[in-house]
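The values are calculated or read from the model by the stated rules, or taken from the named source; none is laboratory data. Please read these numbers as outputs of a predicted model, since none were measured by experiment. So basically every Cβ, Gly included, is an ideal-geometry build from the backbone, and we count neighbours across all protein chains shown.
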Amino acid sequence: MYYRSTRGADEKIKSSTAIIRGIAPDGGLYVPEKMPQVDRDFKKLSNLDYRDIALYITGKFFTDFTGDELKNCIRNAYDKKFDDPAITPLVEKGGVFFLELFHGPTLAFKDIALSLLPHLLKIAVARNGINKEIVILTATSGDTGKAALEGFKNVEGTRIIVFFPKGGVSKVQEMDMTTQEGNNTYVIAVKGNFDDTQRGVKEIFSDRDFNDVLSKKGFLFSSANSINIGRLIPQIVYYFYSYLTLIRTGKIKSDEAINIVVPTGNFGNILAAYYSKRMGLPVRTLICASNENNVLYDFIRTGIYDRRRKLILTSSPAMDILVSSNLERLLYEISGGNAGLINELMNDLNKKGLFKITDRMKSRMEDFYGEFATDTETAETIKYVFSNFNYLIDTHTAVGYNVYQKYLKETGDTTKTVIASTASPFKFPGSVASALDKKYAGMDEFELMEVLSEISGLKIPEPMKNLAKKEVIHTTVCEPGQMKSIISDILNLQGKEKKD
């Protein structure tokens, strides 16, 4: 299996090289040259556990890793740091199936892939004979940062630098990142929104002169965002696992189609679901759920992607995004791999703030349904689900459930449906508690964890218990234009050259 850039670099590279680079030198994203297919009976696959499914799926994409290497990576990734033996359990409530992706160490779906990526990267570096320190450079809208920090902390031969938008994440998320321990971890707040932060990181990746300086000093950039194919592919696994769980528990017949609902901002999680369908998973509709930053909703309806609007800070901050990086991979697929056209569209987005896809590309998006939920609707949905089904969901999951209800009303489609539940309600206690009762509005978020625990009967997850008492270690704040110089300072690029 080889990988190419969405923007047309002619070179074909192996998966280990793509994982190390993160982003292509031309600014494009790496995509598989062809989409592997499921070649085993779903009924037989349904008897496998999560780790076995992960080995089966990743083995189709990461073909320059040996089976034993992948097995070891997976065993080390999916161990007791997950508080449920199923890793991603499926819970039936209110006529739908919630795929709980928050049982890892940082209580968000990013844990699934970011528990595996450091192990893959370590082998990839050795396989490619690289004698440089890997610098993981990541922009986060809240969850990726903490999950990446947790995954890479104290990993030999790596440093991790995380940028997050100051005021653009929840108080709990900010505290979670700024108290991060580890001798190789750096967390910086950026005065701007997530799009400013993400753009800054992408520009640094694409700055050849800066990367040359970095290389001479003995460093090499890589990414932990879903722009890294090593982050994206492991997310395919849980969609297959949810489907196979439905077969194993008798909820569906083998080969029966399902719908998948994904609350999304950067488009990576729903792209993994799309890749699952391309591999042969029987999916009828991919339901793309947006918050009030509904640029993806507009795009799915019109074929026009227009970021020229004000970013709205919502109760679902991980989706407060106007430039969805992973959409580029979908554009590449529906354009038939037309890299020249992708370059045109991305140039239009950068220079004009919008692009329009061709009619043919639009016709290839029939797999997708798009809708959005307002903050008011999100709060109402949290209260509705808890009151009717005694099930507590976070704000992002609530966006997904609300959009599914709109889909149901619009289409009448009764296909069995899986909703990606992307974060624990304890990550957003302020928004969740005030949705249940307005009397909690404005209260301290850490006190509200206790309230949520009492109301729901759920225990406060272990990683959250003493968060409020932790010492803040990372206090640096910068302007978007200062990100490069911050990296230079961290890596001491003005100092003596390192020897390879």
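Within the stretch 104-116, does at least one residue satisfy the condition of being closer than 30 Å to Thr415 by Cα, in contact (Cβ under 8 Å) with a residue 12 or more places away in the chain, part of a loop (DSSP other than H, G, I, E, B) and in contact with a Pro (Cβ under 7 Å, 6 or more places away or on another chain)?
Our first condition is that a residue be closer than 30 Å to Thr415 by Cα; within the stretch 104-116, this holds for 104, 107-113.
Okay, now just the ones that are also in contact (Cβ under 8 Å) with a residue 12 or more places away in the chain, so 104, 107-113.
From what's left, part of a loop (DSSP other than H, G, I, E, B): 104, 107, 109.
Still in the running and in contact with a Pro (Cβ under 7 Å, 6 or more places away or on another chain): 107.
Among the residues of the stretch 104-116, at least one is closer than 30 Å to Thr415 by Cα, in contact (Cβ under 8 Å) with a residue 12 or more places away in the chain, part of a loop (DSSP other than H, G, I, E, B) and in contact with a Pro (Cβ under 7 Å, 6 or more places away or on another chain), which makes the answer yes.
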Which of the residues spanning the stretch 462-475 are at pLDDT 95 or above and either surrounded by 15 or more Cβ atoms within 10 Å (Cβ to Cβ) or of a type in the set (A, V, I, L, M) (or both)? Val472, Ile473, His474
Take the residues of the stretch 1-57 that are of a type in the set (A, V, I, L, M), over 22 Å from the mean Cα position of the chain (by Cα) and modelled with pLDDT of 95 or more: which is farthest from Tyr241 (Cα to Cα)? Ile13
Of the conditions (1) farther than 23 Å from Val323 by Cβ; (2) in contact with a Ser or Thr (Cβ under 6 Å, 6 or more places away or on another chain), Asp375 clears all except one; give me its number. (1)
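For (1) in contact with a helix residue (DSSP H, G or I) (Cβ under 9 Å, 6 or more places away or on another chain); (2) of a type in the set (Gly, Ala, Ser); (3) under 16 Å from Glu92 (Cα atoms), each residue gets a yes or a no:
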{"residue": "Tyr369", "(1), (2), (3)": "yes, no, no"}
{"residue": "Val385", "(1), (2), (3)": "yes, no, yes"}
{"residue": "Asn388", "(1), (2), (3)": "no, no, yes"}
{"residue": "Thr415", "(1), (2), (3)": "no, no, yes"}
{"residue": "Ala435", "(1), (2), (3)": "yes, yes, no"}
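Of the residues Ile123, Ile130, which single one is among the hydrophobic types (A, V, I, L, M, F, W, C), under 22 Å from Asp68 (Cβ atoms) and in a loop (DSSP other than H, G, I, E, B)? Step through it out loud before you land on a result.
On the way: Ile123 fails: in a loop (DSSP other than H, G, I, E, B).
Just one listed residue meets the conditions, Ile130.
Out of Lys427, Lys470, Lys438, report the one residue that is among the charged types (D, E, K, R) and within 24 Å of the chain's Cα centre (by Cα).
Details: Lys470 fails: within 24 Å of the chain's Cα centre (by Cα); Lys438 fails: within 24 Å of the chain's Cα centre (by Cα).
Among Lys427, Lys470, Lys438, only Lys427 is among the charged types (D, E, K, R) and within 24 Å of the chain's Cα centre (by Cα).
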(1) touching a residue at least 60 places away in the same chain (Cβ under 8 Å); (2) of a type outside the set (D, E, K, R); (3) more than 30 Å from Val172 (Cα to Cα); (4) surrounded by fewer than 18 Cβ atoms within 10 Å (Cβ to Cβ): which one isn't true of Val91, the others all being true? (3)
So Ala113 fits all but one of (1) under 19 Å from Asp143 (Cβ atoms); (2) surrounded by fewer than 24 Cβ atoms within 10 Å (Cβ to Cβ); (3) at pLDDT 95 or above; what number is the exception? (2)
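Going through the stretch 6-38 one residue at a time, which ones are in a helix (DSSP H, G or I), surrounded by 19 or more Cβ atoms within 10 Å (Cβ to Cβ) and not small (Gly, Ala, Ser)?
Narrowing the stretch 6-38 to residues in a helix (DSSP H, G or I): 15-21.
Within this subset, residues satisfying the condition of being surrounded by 19 or more Cβ atoms within 10 Å (Cβ to Cβ) are 15-16, 18-21.
Passing the criteria: Ile19, Ile20, Arg21.
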From the list Val237, Val201, which residue is part of a helix (DSSP H, G or I), of a type in the set (A, V, I, L, M) and at pLDDT below 95? Val201
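Which of the residues that make up the stretch 263-298 are among the β-branched types (Val, Ile, Thr) and under 27 Å from Lys60 (Cα atoms)? Reasoning before the result, please.
Residues of the stretch 263-298 that are among the β-branched types (Val, Ile, Thr), as a first pass: 264, 270, 283, 285, 287, 295.
Within the stretch 263-298, Thr264, Ile270, Val283, Thr285, Ile287 qualify.
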Hits in the stretch 159-181 - residues which are of a type in the set (S, T, N, Q) and modelled with pLDDT of 95 or more: Thr178, Thr179, Gln180
Given (1) in contact with a strand residue (DSSP E or B) (Cβ under 9 Å, 6 or more places away or on another chain); (2) in a loop (DSSP other than H, G, I, E, B); (3) not hydroxyl-bearing (Ser, Thr, Tyr), where does Asn47 come up short, assuming only one miss? (1)
Take Asp209 and tell me if it is more than 28 Å from Pro463 (Cβ to Cβ) and free of Cβ contacts under 8 Å to residues at least 24 places away in the same chain. yes
Please determine, by comparing only the residues of the stretch 228-269 that are buried (at least 20 other Cβ atoms within 10 Å of the Cβ) and among the polar types (S, T, N, Q), which one is farthest from Gly400 (Cα to Cα). Asn228
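Take the residues in the stretch 299-347 that are of a type in the set (Phe, Trp, Tyr) and part of a helix (DSSP H, G or I); name whichever of them is surrounded by the fewest Cβ atoms within 10 Å (Cβ to Cβ). Steps first, answer last, please.
Restricting attention to the stretch 299-347, the residues satisfying the condition of being of a type in the set (Phe, Trp, Tyr) are 299, 305, 332.
Subsequent filtering for residues that are part of a helix (DSSP H, G or I) retains 299, 332.
Values: Phe299: 26, Tyr332: 23.
Restricting to residues being of a type in the set (Phe, Trp, Tyr) and part of a helix (DSSP H, G or I), the top hit is Tyr332.
Looking at the stretch 278-298, is at least one residue within 18 Å of Ala373 (Cα to Cα) and more than 20 Å from the chain's Cα centre (by Cα)? Lay out the reasoning, then the answer.
Initially, the stretch 278-298 is screened for residues within 18 Å of Ala373 (Cα to Cα), giving 286-298.
Filter once more, so that each one left must be more than 20 Å from the chain's Cα centre (by Cα): 298.
Within the stretch 278-298 (the criterion being within 18 Å of Ala373 (Cα to Cα) and more than 20 Å from the chain's Cα centre (by Cα)), the answer is yes, since at least one residue qualifies.
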Residue hits (the stretch 270-287; in contact with a Ser or Thr (Cβ under 7 Å, 6 or more places away or on another chain) and buried (at least 24 other Cβ atoms within 10 Å of the Cβ)) are Ile270
